[in-house]
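Note sheet for the following structure.
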Amino acid sequence: MRASIFQSKIAGKIVAPASKSYTIRGLICAALAKGQSEIINPLGSDDTEACLDVLSRLGIPVLQGKNSWRVTGGNFHEPKTDLFCRESAATLRFMTAICSLVPGSCRLTSAPSLARRPIKPLVQALSQLGVDCSYQDKEACVLVRGGRLKGGVAELPGNISSQFVSALLFISPFADEGTRIRVTTALESQPFVAMTLECLKVFGISVNSSPDLRELETSHQRYKPTKYRVEGDWTSASYPLALGALAGEVEVANLNPASLQGDKAILDFLRDMGASVTIGKNSVTVKKSRLKAIRANLVNCIDLLPTMAILAAAADGTSEFTGIERARLKESDRASALHEGLARMGIKVIEEKNRLTITGSPVKSAVIDTRGDHRIAMAFSLLGLSYGGTIIEEAECVTKTYPEFWDILKSLGGEVKIDGK
């Protein structure tokens, strides 16, 4: 499926979708709490459906209503089939840890794009806690023989994925003895671990942590079933907010200004680039402005790289983004995908291992190879609406996190033609 994007006058108000990260964290905690919990305002997307499917195969029923899901947790059983995690890295990594609590054997598999993403550091850390698990290279699957978690000390790097740390945090309250997690390098994407700690607290779990979140310690505890409300997603909101700065005026509701989400940094970045930003009680409005170049370290908000790259392409001067190395380990090598797409549109880009330098200049029409990456597709649509003449290949990939994205652009006045449904 392809999306043809035309220059448009943008105006309107939308509601940010619920946070994918908080939805999956809420589901995991609810599954670990014996009894019934309610997830209010969850996100329905390919990634959250992957998590729901894996939980159901492990014996955790979820009754899905229009605006809430009721989760009956605490009774895992050995699955009868493989646990297919689709393209959801959070599902694969979190459920690899959860399977250590499941009596019997679990085999976790994934789609090809996810199979190339790192998992071995988590498997090694679980082994340190007494879990019988292994990664099978040839079959690109994880095998876990669960039922008992010894506990102790687990050491792992913090510069590959913060999801490894979160995965260990979810299961640590079940360990026979206390559990200590030591992060051996600087912890990148630190806000995501803070989000996990926040979710654990709502479900009654206490964690002792150092200020830099590199030392985390838990004792034996029980999850408590509860009602858990999912806030809006700042990463998904970054696209319409950036669109307002580029092509009109957009108000995005359902945003928590006090959120722990690292991608809330989009507000500071937009201001630094000269955009007009107005913050309401639970909404943000951005108006079209002449943008200037920016220098930013994205180590704690790496998913903003595509949005920021597009803003830089339309800004005066040369922007520089550092701390981007982990962007190469996402659904695509995002640094490379952005370089390729922007170059096709006539934008000068210098790509280094951990740095991307972009000089704003007139944009020309192009066909964009998204490499099946939802964030690449959504980001390049912004330039299409601002300057016109852009075709987005594999446009259906946005369903991974934002299924309504193309309809949202149309509701704001965007001229978008979808072919090949």
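No lab work stands behind these numbers, since they all come straight from the coordinates. Owing to the predicted nature of the structure, the values given are computational and were not obtained by experimental measurement. All Cβ positions, even for glycine, are placed from backbone atoms using ideal geometry, and neighbour counts span all protein chains on display.
Across the range 32-72, the mean sequence separation of Cα contacts (distance under 8 Å, 6 or more residues apart), normalised by length, yields a relative contact order of 55 percent. For the range 20-229, a Kirkwood radius taken over Cα pairs fed into Stokes-Einstein (10 °C, viscosity 1.306 mPa s) yields D = 95 µm²/s.
Cα centroids of the range 191-213 and the range 42-89: how far apart, whole angstrom? Here the two parts' Cα centres lie 23 Å apart. Out of Ala245, Ser161, Thr184, whose Cα points farthest toward the positive end of the dipole of the range 155-312 (charges: +1 Lys, Arg; -1 Asp, Glu; placed on Cβ)? Sorting the options by dipole projection puts first Ala245.
For the chain, the 222 nm mean residue ellipticity estimated from helices alone, with every DSSP H stretch of n ≥ 4 adding -39500 (n - 2.57) and the total spread over all residues, rounds to -9500 deg cm²/dmol. I'd like to know which of Asn256, Thr81, Ala111 lies farthest towards the positive end of the charge dipole of the chain, counting +1 on Cβ of Lys and Arg and -1 on Cβ of Asp and Glu. Comparing the listed Cα positions along the dipole, Asn256 ranks first.
Our summary gives the range 20-229 a relative contact order of 21 percent, counting only alpha carbon pairs under 8 angstrom and 6 or more residues apart. Here the range 354-403 and the range 255-300 have alpha carbon centers that stand 20 Å from each other.
For a quick check of your reading of the filter: which trypsin sites (Lys or Arg not before Pro) in the range 1-91 sit in a DSSP loop and have no more than 15 other Cβ atoms within 10 Å? Passing both the DSSP loop test and the Cβ count: Lys9, Lys34, Lys66, Lys80.
Under the convention that each Lys and Arg Cβ holds +1 and each Asp and Glu Cβ holds -1, the size of the dipole of the range 20-229 around its Cα centre is about 400 debye. Along the chain, the exposed loop sites are GluC sites (Glu not before Pro) outside DSSP states H, G, I, E and B with at most 15 other Cβ atoms within 10 Å, and the longest stretch free of them is 178-421.
Which loop trypsin sites (Lys or Arg not before Pro) in the range 115-198, with loop taken from DSSP, have no more than 15 other Cβ atoms within 10 angstrom of their Cβ? Listed in order of number, the matching sites are Arg116, Lys138, Arg148, Lys150. Computed from point charges on the beta carbon alone (+1 for Lys and Arg, -1 for Asp and Glu), the dipole magnitude for the range 192-338 about its Cα centre is near 340 Debye. Annotation note: trypsin sites (Lys or Arg not before Pro) in the range 288-353 located in DSSP loop regions with a Cβ neighbour count of at most 13 within 10 Å are Arg290, Lys353. Straight-line cross-link partners of Lys264 among the aspartates and glutamates, defined as a Cα under 18 Å from its Cα and at least 8 positions apart when in the same chain: Glu188, Glu198, Glu231, Asp233, Glu251, Asp272, Asp303.
Summing Cβ point charges (Lys, Arg +1; Asp, Glu -1) relative to the Cα centre of the chain gives a dipole of roughly 440 debye.
Listed as lacking a disulfide-compatible partner in the chain: Cys29, Cys51, Cys85, Cys133, Cys141, Cys199, Cys301, Cys397, by the criterion of no other cysteine Cβ under 4.7 Å. Note: relative contact order over the chain, using C-alpha pairs below 8 Å and six or more positions apart, is 20 percent.
Along its first, second and third principal axes, ordered by size, the chain spans 61, 43, 41 Å in Cα coordinates. With both residues required to sit in the chain, DSSP beta bridges show an antiparallel share near 70%. Which of the listed residues, Leu338, Thr235, Leu298, is farthest toward the dipole's positive end in the chain, when Lys, Arg count +1 and Asp, Glu count -1 at the beta-carbon? Most positive-ward Cα: Thr235. In summary, the lysines within cross-link reach of Lys34, defined as a Cα separation below 20 angstrom excluding same-chain residues under 8 places away, comprise Lys201, Lys224, Lys227.
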